[in-house]
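Contents: one structure, followed by commentary.
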Amino acid sequence: MKQLILSLFLLATVFPAWSQQPELTVAAKSFILVDFHSGQTLASSNPHERLDPASLTKLMTAYVVFSALKQDRIKMDQVVPVSSRAWRMVGSRMFIEPNKPVTVDELIHGVIVQSGNDACVALAELIAGSEDLFVHMMNEDAKRLGMHNTHFMNSTGLTHPDHYSTAHDLALLAAAIIREFPEHYPLYSLREYKYNNITQQNRNRLLWIDPNVDGMKTGWTEAAGYCLVTSAKRDQRRLISVVMGTASPNARSIESQRLLNYGFQFFDTAHPYKKDQAVANVQIWKGAQNKLKVGFDRDIYFSLPKGKVEGLKARMEYRQPLIAPIDQGQEVGMVKFILDGQEIATYPLIALETVDTASFFGRSWDNLKMLFN
């Protein structure tokens with residue numbers, strides 16, 4: 001059975017109703033707005049253009065650090081030696097010192113809230129032994145996440161001709177952090193952090209302006225312009241916006257706010273089925289039971305224009321006859337989702353339980369019944 005996998009941004013142009021949405025222009029070299037749950041793109045311009053990501057790079061730095069914590073390769077309370085190289089880093093800093101103890105936890109705060117280049121290098125050297133080896137880990141994770149137009153040359157975002165990413169790829173990365181590390185994601189909502197008797201504020205102005213915004217990261221270099229990855233949650237919906245190459249700190253905030261407002265105002269997120277929810281009981285032959293619970297191996301989400309959610313229909317198709325044994329997780333059919341008479345997606349329908357083969361008598365009886373059916 002052919003399976004259509006709804007990867008990030010796949011349905012950007014599927015719905016005829018897209019054309020009915022107000023046209024949106026954003027003052028940025030590149031931008032994208034994504035529904036976190038469905039993975040669909042709601043608006044974009046030049047989303048695959050390779051640009052200097054500046055300190056948006058630190059999202060990947062944090063991703064690798066979070067992975068190391070999850071794998072117990074480092075600990076939050078672990079004291080980290082500060083090398084001369086880390087101490088002498090240029091650009092934004094949290095002001096660590098070689099002879100002053102600093103923990104992994106403090107360095108993570110320094111990366112996320114203070115955008116400290118010195119903190120990035122200290123963590124990179126702790127985890128990989130050198131920043132170069134850490135950058136190799138960053139690039140490997142980028143490939144695994146599907147960030148096909150991204151390449152890192154450092155952990156900080158300092159300008160380099162071979163250091164680039166895209167709005168699309170950074171949205172993928174932001175979603176991965178939220179999805180895979182919910183225990184660490186609240187750090188991105190912190191407005192300030194104090195270390196070494198120096199308090200620095202988070203440069204994401206939207207944390208003060210919009211109560212729905214709870215992350216994520218700013219960036220700036222002369223080459224990159226002003227950049228911002230933002231995540232906002234309203235009720236059960238979460239949107240992720242990326243703007244790259246705006247003209248000022250104020251512009252990146254304004255344009256990000258406009259993107260988020262556009263997404264919340266003109267779209268809804270439908271959640272027709274939950275993972276492991278029984279959506280039907282289908283006939284099964286020659287089994288220890290004659291009904292099989294079927295459903296999905298993932299949550300099903302769609303981003304739809306306002307007013308379209310009620311029009312979403314599901315058409316289920318089962319393989320017939322279904323004959324035991326059936327293993328839990330086995331594909332037994334498909335569900336086609338229809339909107340405005342058009343098929344927009346197909347998902348595999350799976351068995352939610354295992355059904356063993358019936359006794360000899362049961363199989364014989366079902367053989368007889370199948371002859372008449």
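Worth a mention:
- Answer residue from segment 136-154, given it is over 21 Å from the mean Cα position of the chain (by Cα) and without any contact (Cβ under 8 Å) to a residue 24 or more places away in the chain and is surrounded by the fewest Cβ atoms within 10 Å (Cβ to Cβ) among those: H136
- Long-range neighbours under 8 Å by Cβ, at least six apart or interchain, first residue without any contact (Cβ under 8 Å) to a residue 12 or more places away in the chain and within 11 Å of S256 (Cβ to Cβ) within segment 204-216, second crowded, with 24+ Cβ neighbours inside 10 Å and hydrophobic (A, V, I, L, M, F, W, C): none
- Scanning segment 70-77 finds no residues that are buried (at least 22 other Cβ atoms within 10 Å of the Cβ), farther than 12 Å from H168 by Cα and at pLDDT 95 or above.
- For segment 258-274, the set of residues classified as open to solvent by 30 Å² or more (accessible area, probe 1.4 Å) and more than 13 Å from H37 (Cα to Cα) consists of R258, N261, Q265, F266, listed by residue number.
- Residue selected from segment 332-364 under the condition assigned to a helix (DSSP H, G or I) and either modelled with pLDDT of 90 or more or open to solvent by less than 70 Å² (accessible area, probe 1.4 Å) (or both), by the criterion farthest from V282 (Cα to Cα): S364
- Helices (runs of 4 or more DSSP H) contained in segment 121-210 and holding at least 3 residues within 30 Å of N99 (Cα to Cα): 131-144
- Qualifying strands (runs of 3 or more DSSP E) (wholly inside segment 228-323; at least 3 residues being touching a residue at least 40 places away in the same chain (Cβ under 8 Å)): 237-246, 267-273, 291-295, 300-305
- Residue match in segment 156-167 (condition: more than 16 Å from the chain's Cα centre (by Cα) and of a type in the set (A, V, I, L, M, F, W, C)): yes
- Here V82 passes the criteria (1) open to solvent by less than 30 Å² (accessible area, probe 1.4 Å); (2) touching a residue at least 60 places away in the same chain (Cβ under 8 Å); (3) part of a loop (DSSP other than H, G, I, E, B) except the one numbered (2).
- Inside segment 188-205, residues that are under 20 Å from the mean Cα position of the chain (by Cα) and crowded, with 20+ Cβ neighbours inside 10 Å make up a count of 2.
- Residues satisfying the stated conditions in segment 76-104, i.e. under 16 Å from E192 (Cβ atoms) and of a type in the set (D, E, K, R): R93
The values are calculated or read from the model by the stated rules, or taken from the named source; none is laboratory data. Since the structure is predicted, the reported quantities are computational estimates derived from the model, not experimental observations. No Cβ is skipped: glycine too gets one built from the backbone with ideal geometry, and neighbour counts run over all protein chains shown. Surface areas here come from the heavy atoms of the whole protein model, side chains and all, with no ligands, DNA or RNA. Shrake-Rupley method; radii C 1.70, N 1.55, O 1.52, S 1.80 Å.
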